[in-house]
1. I'd like the mean, over residues of A:158-169, of how many other protein chain beta carbons sit within 10 Å of each residue's own Cβ.
2. Before anything else, pin down the relative contact order of the stretch A:159-199: Cα pairs under 8 Å, at least 6 apart, normalised by residue count, whole percent.
3. For the stretch A:284-432, list log₁₀ I(q)/I(0) at each q in 0.12, 0.18 Å⁻¹, using the Debye formula over Cα point scatterers of equal strength and ignoring solvent, two decimals each.
4. Once you order the gyration tensor axes a ≥ b ≥ c over the Cα atoms, which shape class does chain B get: rounded for a/c under 1.5, otherwise prolate or oblate by comparing a/b with b/c?
5. May I ask you to derive the relative contact order of the stretch A:214-369, considering only C-alpha pairs under 8 Å and at least 6 residues apart, and to give it as an integer percent?
6. Does the stretch B:44-123 come out rounded, prolate or oblate, given a ≥ b ≥ c as the square roots of the eigenvalues of its C-alpha gyration tensor, rounded meaning a/c under 1.5 and, failing that, prolate meaning a/b above b/c?
7. Could you give me the ³J(HN,Hα) list for the stretch B:14-25, computed from phi with Karplus coefficients 6.51, -1.76, 1.60 and θ = phi - 60°, whole Hz, x at Gly and Pro?
8. Let me know the shape class of the protein assembly as shown, please: from the alpha-carbon gyration tensor, a ≥ b ≥ c as square roots of the eigenvalues, rounded when a/c is under 1.5, otherwise prolate if a/b is greater than b/c, or oblate.
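What follows is calculated from the coordinates using simple rules that are stated; it is not laboratory data. Since we're looking at a predicted model, the values are computed, not measured. Cβ placement follows ideal geometry from the backbone for every residue including glycine, while neighbour counts extend to all protein chains displayed.
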Amino acid sequence: MSDAVDIFLQQAAAYLDGDLPAEAHEALHAELLADPEKRRRFVDLCLHSAVLTETFSHPLSHPASPMLSEAKRRGIDSAPRSTYTLSRIVALAALIALAVTAWFVFSPESQTATHTPSTPVAMLSDHSADAVFVGADGSMELGSELARGSLSLISGTAQVMFRSGAVVDLTGPCSLEMIDDNRGFLHTGTLSAYVPDQAHGFTVNAPHGVRVVDLGTRFLMTVDPSGGTQLIVLEGAVHYEGIQPAGKLTAGSSATIIDGSAQVYHPQPGQTLALPPHIRNPLLHDDFETAPSGFTFRGNVNRMTQAQRAWQGHAYVGFNIGNSDVNGVAEQTLATLPGMTYQLQFELGKYLLGEGAARLDVDVLTESGDTTLLHETASVVEGSDTMPVTPTTFTYRFTARGLTTRLRLTDTSTNHASAFDLYLDNIRIVPVLPTAELTPSGNLKN
Amino acid sequence: MAIEQDTIVRVLVKDRARLLAYIWAIVSDVHVAEDVLSEVTVLAVKKREQIADEAHLAGWLRIAARTEALKALRTDRSRPTPMSDQLIDLLDAEWATRDAQSSNDLADALQICMQRLSPRARQLVKLRYAEGLSGAVLAEKLNQRIKSIYVAISRVHRALGDCIRAHVARESR
C-alpha cells in the first residue's frame, strides 16, 4: 500500500473534521474525481466514521423537548465541539421526535387501530452495545418492530418508541411489558419516559394495580422487587391511579407508592425538585474534612490537612503537591438514577504564582466507561502566594444513563515549571430538574 | 400506494448511520450533517405519498439528502466550494455498492476489527468518536502536532477498512 493512500486518508479525515483548509478542498475533490480507489477509501472512511460515531455515542436521549429544541434554535448550545455535545443529542433526538410527530400528524389512524397479538406496537429505537435481552421474540436489532409482550433487559440500556410517539429508556435489569401502542407495564426496574403531546395519555402500569397516566411530559419510574413504585416528574404532569386517593404530580414532585398508598413530596419554597428521602440528595458532598474520602486517588494527588492552606475547614485535596509529575487522578463511582439530571459543583484554587493554568479535566462516564456524559476542563490561571488562596467555583451538568456513573478528575495543568499546586474542595453533586437554571455558585436550589 | 409511516421511521432509525455518512461526505461537518439528516427525516414523512415502498425509499432518501446537503452549504457562504455534481455522481456509484450490507453487520464487523487494533489505536478511536474530539482538539489535548494526529487516524482507518473488507469477504463465502 502506498504512502499516497496514507496521505490521502489524512487529508480526507481532516476534511471530515472541518480541519482541512478551504484551499485544499478543491485538491481533494480533484483526487477523488481522478481515482476510483480513493473514492472507495473515502466512502469507507465516511461510513466507518459515522458508524463509530453512532456506536460509541448511543445517546439514548429523550427526543428533543421543547426546551432543548428552543435552546438549539437560539444558539444556546454552547458546549464545545470537542465534547459529546448537546447539539448531537438534539440532532439525534430530533430525528426520532420529528419522525414521530409527522407519523402521528399524518396518520391519525395510528392511535385508533386495533391490534392483534402480532401487530407491532413499538420499535426498538436504540440500545447500548452491551444490551442483553431475554425472552424477546425475533430480532432485537436497531429498528426492530416489537409486538405486544414482555421485553426483559438483563443489562445495558435500550430505548423503545411506542407507536403513539412515547419513548421510554430502559436500564437493565428491567422488565417492561408492551400492552398496546400507548400503554406498558413496568414489572421491575427503572424507566425514563418522554411523552410528546401527541401521546397524551401514555400509561405505565405497575404492580398492585398502580397506573401512571402521563399528561405530556417527562418522568422517571422505578418498580422495586417488592412491587413498590417510585415516581419522579421532571416536566409536565402525571396522574397516578389505582390507589385511594389517586392524585396528580407536577414537575419537581415525586411519590413513593407502597401497599396501596402514596407518599407525595412537593418542592418547598426555594426548591425546584423534591425527592423521596431514600434517594441520596446530594448524591455527593465531600468537603474532605473526614477521612477517608470516597475518591480513589492515583498519581500525584492526596487528601491534605494543612489548615492554613484550606479556604474552608482544615482539609482539601491537593494535586501536584511537591512539584513532581502532573498526573493526579481522583475517581469515584456513584449510584445514580438513569435519566436524572445532576449538577456537579466544586471549588478550585491555584497556589503560588507560577506561569500556566491549573487545569482539572472533569469526565463523567457511564459505568462501562464507553460513553462520556460530560467532558470539561476547569481552569484557573490566576494564582496566589498568600494562604489560603481564593477559590473559583465551577458548575456543570450531566444526565445519568445507568444505575452507576463514574466521576473522574484528572490534573492536566500546564505546569511545566512545576511552579504551582492545584487545590480542590467542596465537591457536590445534586439532582436537578433538566429545566432548572444552572446555578453558577453559592446556594443550590435543590 | 404510499409507503407506511412506520416503515419510514424504522428505516431511518436502522440506517441513520449510512445516511449520516452520505451527508457528512458532502458537507464535511458532522454537526451540519446531523441537522441535514433531521431535515431529510421530516421531508420523508411529509412526502410519503410520493414514495412507493422501502426500495423506493432508499433512493429517495439519498436524493433528498444530496439536495438538502447542498442547500445547507449554499446558505453558509463561509463554507468552501462544494463538491461538483460530477464528483457526487461518481461517489453515488460507490455508495450504491454498499447498499447490500446492513448497518448492523457493518457495526458488528467494526467492533470485531476494533479488537484487533493496538490499545493506543483503540484509545485514539475512543477519543475521536466517543468523545467527538476533532483532530485539532486531539492534537491540543495530547500535546502533539495536528499532522501526527491525522497520520495516526488515517492508519487506524486504513487498518479498519482492510480488516472489514476481509471480514465481509469471509462472511459472504
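1. For this peptide, the per-residue mean of nearby foreign Cβ atoms is 1.
2. 43
3. Reported log10 I(q)/I(0), two decimals: -0.46, -1.02.
4. oblate
5. RCO, the stretch A:214-369: 12 percent.
6. Oblate.
7. Working through the residues one at a time gives 5, 10, 5, 5, 5, 5, 4, 4, 4, 5, 4, 4 Hz.
8. In terms of gyration-tensor shape, oblate.
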